[in-house]
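J.: Here you go, one structure.
The values are calculated or read from the model by the stated rules, or taken from the named source; none is laboratory data. Treat the numbers as computed from the prediction; the structure is a model and nothing was measured. All Cβ positions, glycine included, derive from the backbone under ideal geometry; neighbour counts span all protein chains shown. Areas reflect the complete protein model, heavy atoms only, side chains present, ligands, DNA and RNA absent. Shrake-Rupley method; radii C 1.70, N 1.55, O 1.52, S 1.80 Å.
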Amino acid sequence: MAIILKYLVAGLVRFWLIHTDYWQTISNRVEIATPLNSWKRLIEGVYLFDHGINPYEGDSFHESPIMLFVFHILLKKVPYLLPVIFTFLDVFTAHVLYKTSKAIIRIFKDSQESNKDDVSEESKTMLLSESQLNEVPGHVLALYLFNPYSVLNCVGMTTTVIQNLTLAISLWGATNGQRVLACAFIALATHQALYPILLIVPISILLANVNKGCNKCSYIRTLLVFVLCWGFLIFISAFIMDGSYNYVYNTYGFILSVPDLKPNIGLFWYFFTEMFEHFRLLFVCAFQINALALYVVPLTLRFHKEPVLLATVLIALSTIFRSYPCVGDVGFYLALLPLWKHLFSFMQQKFIVGCAFIITSALGPTVWHLWIYSGSANANFFFGVTLSFATAQIFLITDLLFAYIKREFTLKHGSSRQIDGKPAKLVLR
């Protein structure tokens, strides 16, 4: 009954905010709407499509043709139901994450049971109890339903709501050994935003572990199913656009080349605004390699035994370093943090990170108003806030990873550590 009440309250809050006078302001905020997910741009793209004009010939629409076709039908048939649809999709995303966290807890229990013999006698008390594990799904559910980032993302009616749902379903499919489901929805997320392609690595490992099959064969099958699903989506998109693949430049090409430098909570816009044009290609490639490829191999080599942690970290890193991030992306990976509640006691930066999130979230709209409306600030002020916000997220990720390593070491070697007969401790450098 308590869980149903949470769904009901969260849904009513979202539905009510969509129908307030503040909806227009929220849906146009730079922290919420980007050139990729903006409701305003989606409406414009559908309008052009309805009037026989290719929406990808201009520079206003960058969503996938599949999303264009779906909203073309919705706006034509049931426009009055769109607030209900967005509210339902976001609440359903929370429900899928709740179910996913239950499956992940089951994986944690099996892993802990199989590795119990490697735990030192001194650290037996650190093993997770049944009650500790069972309360985690409720925390995941509450954090997604009532996180202001997730709520505002839904109220703004951004297409990130749909992307979050596809990511959640792909994680649920992977944790339950459903290869086709996991690959199909990660392909949908990749087709929409490109950066979720990183998740094929932890999902492949997770599917191999859950299905307990031949690892190499499992990895190949997962990759093959993903490529086939993604290729099918690209073909369907071309079919919607009368056989033309020109949309690729205004979707994937737009994400990779970063031509629109409207401010957002990311790091790209300010850098490329200030940079000389003849250096642009070099730094675009450097930034995109950082976002898409740089961290996958080292993190996979170190955390291949924890694919859920690997997935959480890769989602967070792609959110920080993508070209057009929004608070909806941040809200999604923050909802996964309660899965690692047992690591919080090993984290050193919790208070600093928490304060940084609160302060930057409050300062962002304030500095934006001073810059754009009052004229008493400039772009440096707003970028300073977005840079601090990104730094807080990086501190959070590194602290989480180091906490996992410290707990892993403590479980194996005990909590008392000495060097040359003197007490010692592990410190993040």
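J.: Tally up the carbon and sulfur contribution to the accessible surface of segment 274-332 as a whole percent, 1.4 Å probe, everything protein left in place.
T.: 75
J.: Hey, another quick one. How far apart, in nm, are two points set 7 Å out from the Cα along the Cα-to-Cβ line at Leu387 and at Ile405?
T.: 2.7
J.: Note down the nm distance, to one decimal, between modelled labels 7 Å out along Cα→Cβ at Glu44 and at Asn134.
T.: 5.3
J.: Mind putting together the pair-distance distribution for segment 1-125? All Cα pairs, 10 Å bins, whole percent per bin, short to long.
T.: Going from the shortest bin to the longest, the percentages are 10, 27, 26, 16, 11, 8, 2, 0.
J.: So what's the angle, to the nearest 10 degrees on a 0 to 90 scale, between helix 179-193 and the longest Cα principal axis of the chain?
T.: 50
J.: In whole Å, what is the distance between the alpha-carbon centres of segment 32-94 and segment 112-187?
T.: Their Cα centres are 28 Å away from one another.
J.: Pull out the extension gain between Ile358 and Tyr22, defined as 0.36 nm times the separation in residues minus the alpha carbon to alpha carbon distance; nm, one decimal.
T.: Details: separation 336, 0.36 × 336 = 120.96 nm, distance 2.15 nm.
In short, 118.8 nm is gained.
J.: Please calculate how many Å² of accessible area the chain carries per residue, with a 1.4 Å probe and no DNA, RNA or ligand atoms counted. Walk me through the intermediate numbers first.
T.: Values: 20320 Å² over 429 residues.
Computed with neighbouring chains in place, this is 47 Å² per residue.
J.: Also, quick follow-up: Any chance you could give the angle, 0 to 90 degrees and rounded to 10, that helix 136-146 forms with the longest Cα principal axis of the chain?
T.: Tilt relative to the chain: about 30 degrees.
J.: Related question: State the extension gain, in nm to one decimal, for the chain segment bounded by Lys216 and Asn378, taking 0.36 nm per residue of separation less the distance between their alpha-carbons.
T.: Working: separation 162, 0.36 × 162 = 58.32 nm, distance 5.34 nm.
This chain segment gains 53.0 nm when fully extended.
J.: Using a Förster distance of 25 Å, how high is the FRET efficiency between Ala238 and Asp59, based on the Cβ-Cβ distance and rounded to 0.05? Don't jump to the answer; show the numbers that get you there.
T.: On the way: r = 21 Å, r/R0 = 0.82.
Here the calculated transfer efficiency is 0.75.
J.: Continuing with the same structure: Quick one, which of (i) 168; (ii) 159; (iii) 140 is the actual volume of the Cα convex hull per residue in Å³ calculated for this model?
T.: Matching the structure shown: (i).
J.: Moving to a separate point now. Return the carbon/sulfur percentage of the accessible area of segment 35-111, one whole number, probe 1.4 Å, all protein chains in place.
T.: Details: 2270 of 3510 Å².
Carbon and sulfur: 65 percent of the exposed surface of segment 35-111.
J.: Treating each Cα of segment 230-357 as an identical point scatterer and ignoring solvent, apply the Debye formula and state log10 I(q)/I(0) at q = 0.09, 0.14, 0.18 Å⁻¹.
T.: -0.38, -0.85, -1.17
J.: On each of the three principal axes of the Cα atoms of segment 79-203, give max minus min coordinate, whole Å, ordered largest first.
T.: In descending order, the Cα extents are 61, 29, 20 Å.
J.: How far is helix 39-50 tilted off the main Cα axis of the chain, in degrees rounded to 10, range 0 to 90?
T.: 50
J.: Evaluate the relative contact order of segment 351-415 (contact order divided by residue number), counting alpha-carbon pairs under 8 angstrom at least 6 apart; express in whole percent. Mind dumping the intermediate values first?
T.: Working: 31 pairs, mean separation 21.7, N = 65.
Computed value for segment 351-415: 33 percent relative contact order.
J.: Leaving out ligands, DNA and RNA, and with a 1.4 Å probe, what % of the accessible surface on segment 129-238 is carbon or sulfur? Provide the component values of the computation, followed by the final result.
T.: Details: 2910 of 3950 Å².
That share works out to 74 percent.
J.: Step through the residues of segment 52-68 one at a time and calculate ³J(HN,Hα) from phi using the Karplus curve (6.51 cos²θ - 1.76 cosθ + 1.60, θ = phi - 60°), rounding each to whole Hz and writing x for Gly and Pro.
T.: Whole-Hz 3J(HN,Hα) from phi for segment 52-68: x, 9, 5, x, 8, 6, x, 10, 10, 10, 9, 7, 6, x, 5, 5, 4.
J.: What residues qualify as long-range amide H neighbours of Thr158, i.e. H under 5 Å apart, gap of 5 or more or another chain, H built at 1.01 Å from N?
T.: none
J.: What distance in nm separates the simple spin-label points at Leu228 and Lys350, each placed 7 Å from Cα in the Cβ direction?
T.: Inter-label distance under the simple model: 4.6 nm.
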